[in-house]
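Accompanying notes for the structure given below.
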Amino acid sequence: MPNFEHPEYPEATLLHLESMVPCRETQVSSLLSIFGERQHFSFPSIFIYGHTSSGKTYVMQTLLETLELPHVFVNCVECFTSRLLLEEILTQLQSLSSENKHGSHVPCDTFNDFVRLFKQEIITQDLQNQTVYIVLDKAEQLREMEANVLPGFLRLQEMTDRNVTVIFLSEIVWELFRPNTGCLEPFTLYFPDYSIGHLQKILSHYHPPEYSADFYAAYINILLGVFYTVCRDLKELRHLAALNFTKYCEPVVRGEANERDTRRLWKNIESHLKKAMQTVYLREISSSQWEKIQQDDGEPGHLKGLSAHAHVELPYYSKFLLIAAYLASYNPARTDKRFFLKHHGKIKKTNFLKKHEKTSNHLLGPKPFPLDRLLAILYSIVDNKVAPTANIFSQITSLVTLQLLTLVGHDDQLDGPKYKCTVSLDFIRAIARTVNFDIIKYLYDFL
Amino acid sequence: MSKRKSKETSSVNGECISQVQRILRERFCHQCPNGKLFGVQLQYKHLLELLKRTTIHGESNSALIIGPRGSGKTMLLNHVLKELMEAKQVRENLMQVHLNGLLQTNDKIALKEITRQLQMENVVGDKVFGSFAENLAFLLEALKKGDRDSSCPVLFILDEFDLFVHHKNQTLLYNLFDISQSAQTPVTVIGLTCRQDILELLEKRVKSRFSHRQIYLMNSFDFKQYLRIFKEQLYLPAEFLYKPFTQKWNKNVQSLSEDRTVQDVLQNHFHCSKDLRSLHMLLMLALSSITVSHPFMTGSDLLEASKSCRMDSKANIVHGLSVLEICLIIAMKHLNDVYEGEPFNFQMVYNEFQKFIQRKAHSMYNFEKPVVMKAFEHLLQLELIKPIEGLCVRAQREYLLMKLLLDNNQIMDALQVYPNCPTDVKQWATSSLSWL
């Protein structure tokens, strides 16, 4: 007995539909009741919002295709200008009639032409007594197009005087879409996120046939236990599940454990999943590299993502230049005297030590500094005498090319170039360690 | 025997329900001109008089219909036009040109559309005109048919009038109003707009040619009238085929309007927005639950519809975030409380999060910085936080200043309903900073 009841559609179709949309039955039944029968009018525009991979596109497509309702499906990221969008809709509309599977290209410049051509198409195709659905996926891109596109689509039913409903699918809430002078408000429908039970049910659906459903369900349980607090995106979880399953099955394949030995399976997979979170989840290494490493049975400890590379091999003076740049960025200029002069005299304690936690420079980001200050600090931290040769200056430029320093402001400044240091604290500490320089002693924030 | 009879009644019901749905859906979604008007009798008379003077007596005029969105401007105009077209003389002579600010985004397109609607494409042919004014004058001159010595009256209807004001030099408006003041052809220009300050947007020369006749539609009905409108909108018309069903339906509507819950629902709705369009949305939603097994609307249908119309969408989005993202939002809330709403960057939020992990968290694993960064960027993608100056390439991503687009009440409400929220996270959210 299907959950969906509709006078218009046969029971078999509805049963088939229900099997294709697990955990989304409520939303599909509300959509079915809103659509009504084929020739009935429905809301002029419907706005469906929900998180990534909460099934909006999939459910919409499945529903419209299974019930064979005349529809046009357009992705607004593909058709990113209004002209591409309007032409795509008209082309798909042409191909709705059965003789002409591939519509010929219809040129359409403006929304005015679109309305006119749309009215013509509906008449020629005999679609007058059925609701035509236009689905715009990734509708947040519509805000970037001309200002009349979004309000125009909201009112399409009124402007063309035809039975058409426009459906917007988006992640972003409607309040951020609304134009300034108002518009025809669409009906907003929320697609709730999947609960952990739903996720388990859907992910267990994809189990490979060689293993039992229970075995796979236990694996999904472990996976969700590690990743659920971080990520609820169904697509990401499915990707991770597919990548790590072979590693999970290894003890069973090698004969060390049977399917029910959960503790051993868990011990095997746990560190592996944690490594996955730092690398594959962040897309720091590709999934093919990940699979290769699993096959080679390499130690997970050797695996490092891109951002974990702690240091770059730099020449001696470049390292000191970088350290000097870091100090110049993160220490305020008035404190240079205290750090870099041998005899800095008495400094008023109160003025100096007053720091608010918020203004800690490590929270606010690096500040720009002039070239002279950089060289001054460099001379004071390097032991032997450094001459300001072209060598030094070219090393500064190569640091800029490596994007360890950034040039701030225009190229030709009257006062000389200003730079900013863009490396993290861990990076600079690693570098300072290689030259035996204790950088923490020289940082104002760690006084 | 009884089985056959019940089958007949159920099939009658199925067809009957389908017809009910058809009629009511057309009324709510498509605003057919057969519906009734409410509370705008004065404005209706005014507009009808105006248009009669143009079409029958040959006077030129201009007027603006001003009212907030959904107050019934287009519906009023359509009703007036329908009554006007009942006179044979008007039907044969009057030419209508419907322009819309959303469709005709500049004057060239507008002129082509006017030519098309007056069906003058053949007459104009390939002629090239010097200016807009010449073109328009030619079109109106050509409207004189054969032996008539006077032109047919033309009615220009400009929807979304406030968008025409932004065209270059307001050429179209200037010419239309100019013709309505000076030319021999009886021309009436009616503009519909939702902006009350529309007159300030008009240029001086355009404003002086406008007759300053304004018709206001201000949704000026009180709750008792609103209840009456609710009833009228739900009544089935007397011509409906299935007479016994019509009686039962209308009686049900009457009893609904006297029901306490329904009145509360309508009262809430009335306080939020008075206009008829939102009432139509509510009724349409309630209507969609009418089936053969549930043929009469109940108070709970309306209650359900009202709830789904008034959900807080941001709270729904927060409901679907992962625990790490919720922790970041709570960290941002604390930063906002301490520093009174000043913008923050990722480094500050991460710092707060670290403080929580080190001191209070038992259930949260200490995630690596890039993982936290990915969660932060997900929040950015959902537009729950927004950078202050737009994303610039030069600054590092961790130090870009942002602000949070949720306020404290929304966050606390969302946390109450968040599924499986770890208790230490909840406690962190409600704690003041005295433990810092």
Scanning region B:232-253 for residues that are surrounded by fewer than 15 Cβ atoms within 10 Å (Cβ to Cβ) and under 29 Å from the mean Cα position of the chain (by Cα), the one farthest from B:L303 (Cα to Cα) turns out to be B:P237
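Yes or no, residue by residue, for (1) under 19 Å from B:Q347 (Cβ atoms); (2) at pLDDT 70 or above; (3) part of a helix (DSSP H, G or I):
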position: A:Y317; (1), (2), (3): no, yes, yes
position: A:I323; (1), (2), (3): no, yes, yes
position: A:Y326; (1), (2), (3): yes, yes, yes
position: A:T335; (1), (2), (3): no, yes, yes
position: A:T350; (1), (2), (3): no, no, yes
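A:T229: part of a loop (DSSP other than H, G, I, E, B) and within 9 Å of another protein chain (Cβ to nearest Cβ), yes or no?
On the way: part of a loop (DSSP other than H, G, I, E, B): yes; within 9 Å of another protein chain (Cβ to nearest Cβ): yes.
In short, yes.
Conditions (1) at pLDDT 85 or above; (2) touching a Pro at 6+ places or on another chain (Cβ under 7 Å); (3) not aromatic (F, W, Y), marked per residue:
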site	(1), (2), (3)
B:Y399	yes, no, no
B:N408	yes, no, yes
B:V417	yes, no, yes
B:P422	yes, no, yes
B:W435	no, no, no
Within the set of pairs 6 or more residues apart or between chains, which connect a residue that is within 14 Å of chain B (Cβ to nearest Cβ) inside region A:366-382 to a residue that is not in a helix (DSSP H, G or I) with Cβ atoms less than 6 Å apart? A:P366/A:K420; A:P366/A:C421; A:P368/A:V408; A:P368/A:K418; A:P368/A:K420
Considering only region A:383-408, how many residues are within 14 Å of chain B (Cβ to nearest Cβ) and not hydrophobic (A, V, I, L, M, F, W, C)? 2
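Answer with yes or no whether B:L81 is assigned to a helix (DSSP H, G or I), of a type in the set (A, V, I, L, M, F, W, C) and within 27 Å of B:Y216 (Cβ to Cβ). Quick ask: steps written out before the conclusion?
Working: assigned to a helix (DSSP H, G or I): yes; of a type in the set (A, V, I, L, M, F, W, C): yes; within 27 Å of B:Y216 (Cβ to Cβ): yes.
The answer is yes for B:L81.
Taking the stated definitions as given, is A:E37 free of Cβ contacts under 8 Å to residues at least 60 places away in the same chain, within 14 Å of another protein chain (Cβ to nearest Cβ) and farther than 30 Å from B:L384 by Cα? Don't jump to the end; show me each part of the working.
Details: free of Cβ contacts under 8 Å to residues at least 60 places away in the same chain: yes; within 14 Å of another protein chain (Cβ to nearest Cβ): yes; farther than 30 Å from B:L384 by Cα: yes.
Yes.
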Return yes when B:L279 is farther than 15 Å from B:R27 by Cβ, aliphatic (A, V, I, L, M) and assigned to a helix (DSSP H, G or I) and no when it is not. no
In region B:280-291, anything more than 9 Å from chain A (Cβ to nearest Cβ) and within 12 Å of the chain's Cα centre (by Cα) is listed as B:H280
Mind listing just one residue for me: the one in region A:262-295 that is of a type in the set (V, I, T) and away from chain B (no Cβ under 13 Å) and, of those, surrounded by the fewest Cβ atoms within 10 Å (Cβ to Cβ)? A:T262
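When region A:190-217 is examined, which residues are found to be at the interface with chain B (Cβ under 8 Å from one of its Cβ atoms) and either surrounded by fewer than 18 Cβ atoms within 10 Å (Cβ to Cβ) or hydrophobic (A, V, I, L, M, F, W, C) (or both)? First the steps, then the outcome.
Here is the first cut: in region A:190-217, the residues at the interface with chain B (Cβ under 8 Å from one of its Cβ atoms) are A:190, A:192-193, A:195-196.
Within region A:190-217, A:P192, A:S195, A:I196 meet the criteria.
For region A:398-419, does any single residue satisfy the condition of being charged (D, E, K, R), closer than 22 Å to A:R338 by Cα and out of contact with any Asp or Glu (no Cβ under 9 Å at 6 or more places or on another chain)? Step through it out loud before you land on a result.
The first filter runs over region A:398-419 and keeps only residues charged (D, E, K, R), leaving A:411-412, A:415, A:418.
Next, only the ones that are closer than 22 Å to A:R338 by Cα stay: none.
The answer is no, given that none of the residues of region A:398-419 is charged (D, E, K, R), closer than 22 Å to A:R338 by Cα and out of contact with any Asp or Glu (no Cβ under 9 Å at 6 or more places or on another chain).
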Whether any residue in region B:32-42 is of a type in the set (G, A, S), surrounded by 15 or more Cβ atoms within 10 Å (Cβ to Cβ) and closer than 16 Å to B:E232 by Cβ is what I want to check. yes
Which of the residues belonging to region A:158-185 are part of a loop (DSSP other than H, G, I, E, B) and more than 9 Å from chain B (Cβ to nearest Cβ)? A:R162, A:F177, A:R178, A:P179, A:N180
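Just checking, which of A:R178, A:R143 is more than 21 Å from A:I89 (Cβ to Cβ) and free of Cβ contacts under 8 Å to residues at least 60 places away in the same chain?
Answer to the selection: A:R178.
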Are any residues in region B:398-433 crowded, with 17+ Cβ neighbours inside 10 Å, in contact with a strand residue (DSSP E or B) (Cβ under 7 Å, 6 or more places away or on another chain) and part of a loop (DSSP other than H, G, I, E, B), and if so, which ones? B:L400
Please work out which residue is farthest from the other protein chains (Cβ to nearest Cβ), limiting yourself to region A:3-27 and to residues that are surrounded by fewer than 22 Cβ atoms within 10 Å (Cβ to Cβ), among the aliphatic types (A, V, I, L, M) and not in a loop (DSSP other than H, G, I, E, B). A:M20
Looking at this structure, is B:L404 within 25 Å of A:D193 (Cβ to Cβ) and within 12 Å of another protein chain (Cβ to nearest Cβ)? no
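The values are calculated or read from the model by the stated rules, or taken from the named source; none is laboratory data. Everything numeric here is computed off the predicted structure, so don't read it as measured data. Heads up, the Cβs are rebuilt from the backbone with ideal geometry, glycines too, and the neighbour counts pull from every protein chain shown.
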